[in-house]
Amino acid sequence: MRHRKPGGSELEVSEISLGAWLTYAGGVASEQTPACPEAAFEAGINLFDTVNVYGRGAAESAWGEILSSRRRDSYVLATKVHGQMSDDPEDRGLSARQIAEQIDEALGDLSVTGQTLAPFAQAGVLHR
C-alpha cells in the first residue's frame, strides 16, 4: 500500500481509505464489523473515514469501539460535520455553534469525550 503526506503535514495516510457509510451505519451486523478494518490494516490501509450523520453517530461509535484496541498512532481517523443530527431541522449546518456541537458529539461517539479533536480525529471536514 502506498502512503502519502497530505499538504505540508507529517501524517502519512494510505492512498485508499476504509469508509463507514454502508458498513457501520447498520449495513453489517455488529459482530461482523471488526473484519473489515482488520483486513484493511493487513492491506496497509491506515485511513479510516466516517461522517457524523451515518446512523446519527452509529458509525462513529462503531469506529470508537473497533479502533480502541489499536495503538492510536497506527491509524488516521477522519470525520465530517454538517448534516442534521436529530429530528430538529435546526440541528445542522456550519455555524461556529453547530461545528462545536457536532465535534463534541462526534468525540463522544468516538469514545474520546473530554479530549481535544487533534489526537483523535486528525481530519475534521465540513461535509457538503
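Bear in mind that the values in this text are calculations on the coordinates, not laboratory data. For clarity, every value in this text was computed on a predicted model and none was experimentally measured. Cβ sites come from the backbone with ideal geometry, for glycine too, and all protein chains shown count toward neighbours.
Observations, loosely collected:
- Anisotropy class of region 3-85 from Cα gyration tensor, a/c 1.5 cut: oblate
- About the centre of its Cα atoms, region 1-85 shows a dipole size close to 220 debye [charges on the beta carbon of Lys, Arg (+1) and Asp, Glu (-1) only; nearest 20 debye].
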